[in-house]
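Just below is one structure, and these are the notes that go with it.
Just so you know, all these numbers are worked out from the coordinates, no wet-lab data involved. Not measured: the values here are computed from a predicted model. Here the Cβ positions follow ideal geometry from the backbone for every residue, glycine too, while neighbour counts run over all protein chains shown.
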Amino acid sequence: MTQKRPRIRWTLYVALLLLATLLLLGDWNWFRPLLERRASVALGRPVTVQNIDVDLGRHPRVVLDGIAVSNPEGFPADSRMAKVERLAIRINPWALWRRQIHLMDIQLDKPDADLRPGPDGKPNWQLPRRESGGGSPWVLEIDRLEIRGGHVLVKEPRLHADFEILVGTEAAADGEPRLHAEARGTYDAAPITAHFVGGSLLGLRQPQRPYPLSLSVVNGATRILLKGTLLQPLQFGGAQLDLQLNGDSLADLYSLTGVPLPPTAPYQLRGRLDYQQGRIRFHEFNGSVGQSDLSGELAVNLGGKRRLVTADLRSNQVVLADLGGLVGATPGKAGAEGESDAQREQRAQAQARERVLPDQPINLPKLRAADLDIRYRAGRIESALPLDRLEAHLTAKQGVLALKPLRFTVGEGQIAGNIELDGASEVMHAVADVDFRRIDLKRLVRGNPALDGAGLIGGRARIDSYGNSTAQILGSGDGELKLYMNRGRLSALLVNLAGLEFGKALLSAIGLPSETQVRCAIGDFELKEGLLGTRLLLVDTGEANILGDGSINLRDEILDYRIHTKPKRLGLASLRAPINIGGSFKDPSVRPDWERLAARGGIAAALGLLVGPLAVLLPTVELGLGEDNDCKAMIGEIKAQAANLPAETGSKPK
């Protein structure tokens, strides 16, 4: 037994000596096939290494030259996803006893990656999932990482992206190599440049130290500046960042952020960005969109099955034209300071069109991209109508968007509505119900003394339709429109309904003075498949009763309307012919209808035929104007006149 022990001892010595000789004089490339197989299995694609070298010592240094990572199956056989000219790693072997992989130093020379989707659309950077094995986990620890001359090419046709990134590390004052990167190319079919400076890559793994970063991005007209620190970035622990945004339209941020926003006028915003528990929050921000100020908070919740965007937004003063993108119109006022080239081009295209109603399609994929819960309040509104306040609550869930409520305040009155757009199918279903109550006519025409005059307007509009643009929805819808006016000048009524120039032309054709006072006006219209027909239109003035008849084609944007006037006193105006309103929305026309002049006697009978419809409308007239209104008295007078008419008197004018 004692003789066997020296023999075993000498055998071990010889084995160790042979192993040492192999390590000192042997070729380390004997290990290359094993390394390549292990790496290929881990990455799910072929990996090759040209040369392996090892410098032994207390802390061995392993050098791999000519590393190449091929693309996965489905790509051309000779294509590569990545290559590295040289990878040098210094190892602490003593940490292996503690189940630690301690890499003291890593140097990457000229790493180069080509990232793109394959023929089946699957990106080559998507690696196979690794199943966790049993036993105690190994701990990876890295002290220092340097990158020299890194290059990444990114091509993603679905994002219209084709750009390259130059990446590397540079020495900082504290001796740690800081990460820097430059990007240039195209993204979302627009030029993109980006500059990033961060702390060391290893700082990402140090939870107790905030990770500093500075990022600037220019993508087309969009500019983003982000500066601050990340907390536990690998675990998404939080962020404390300053964010500046400016560009031509908030809608352009969708491709960069995934947050669906409407087209807007040029904007600039600045605020704080943080992240906590699956929620990204842009808060304490303020700035402007077009000529409107904007402040508040916007958050994106990433934790659920669908992305949820919540916001609480405020404006002290908003220019209504800046919200035009919500209905497919060009946002912003024409000629406003800072108007973008894209806005001017879009406005020129709209003016060149033969149609007036906005036909810009609603982006259904964007509508379905996230759920929304957004509240907005504006203190003062600048528009053709001097509205006082705006309040809106917009929600979207599974592609169904709702504005409930949308409320404008005008003095003591208000315009309130509920709107729902169901974009779950390829053709959107739109339902809207808007109520007008006690709108002060004097406020609507303020700033124009020629149109001044007290009065109230009320009414209701409803539509149920299908379409993917404002023009399609109005041009195919069913619904109704009811409008009532109590007192006020005729000039103010016509100008507000028909516009300044056309309203003046209509006033001249009717033949009544511009200061003619309106006692009561009632309009009741039915919308059927985009054709707005007249149930009733009656305007009672001190000079005459004015009746309207005809239709407005919202699908083809064609006017086919007639105005009949019955003077209350004999005079030259009694000889005026009915007025035909025709043409298109873009180019309307007003002309007398001399052929119908002989039928003027039928106007009195037509007033008699209105008694039934007027009686039905009386409750809604009182709702829109209040109980104390002249329309109630007018309806009573028409009833009395109708009682004295012969039974055989003519019919309602056509």
### Summary
Rg/Rh over Cα atoms for the stretch 204-317, Kirkwood Rh, comes to 0.98
### Task
Tabulate in residue order the Karplus-calculated ³J(HN,Hα) for the stretch 55-65, using 6.51 cos²θ - 1.76 cosθ + 1.60 with θ = phi - 60°, rounded to whole Hz; enter x for Gly and Pro.
9, 7, x, 4, 10, x, 10, 9, 10, 10, 10
### Message
Would any residue of the stretch 402-442 have its amide N under 20 Å from a label point 7 Å out along Cα→Cβ of ASP388? List them or say none.
### Response
405-417, 435-442
### Message
From the alpha carbon gyration tensor of the stretch 90-219, can you work out the equivalent ellipsoid semi-axes (sqrt of 5 times each eigenvalue) and give them in Å, largest to smallest?
### Response
31, 22, 13
### Summary
Using alpha carbon centers only, the stretch 372-422 is separated from the stretch 75-103 by a whole-angstrom value of 58
### Positive-end residue of HIS195, ALA161, ALA171, charge dipole of the stretch 144-202 with Cβ unit charges
ALA161
### Task
Quote the charge dipole size of the stretch 379-422 about the Cα centre in Debye, to the nearest 20; the model charges only the Cβ of Lys and Arg (+1) and of Asp and Glu (-1).
120
### Message
If you filter the stretch 20-106 for trypsin sites (Lys or Arg not before Pro), then keep DSSP loop positions with at most 15 other Cβ within 10 Å, what is left?
### Response
ARG58, ARG99
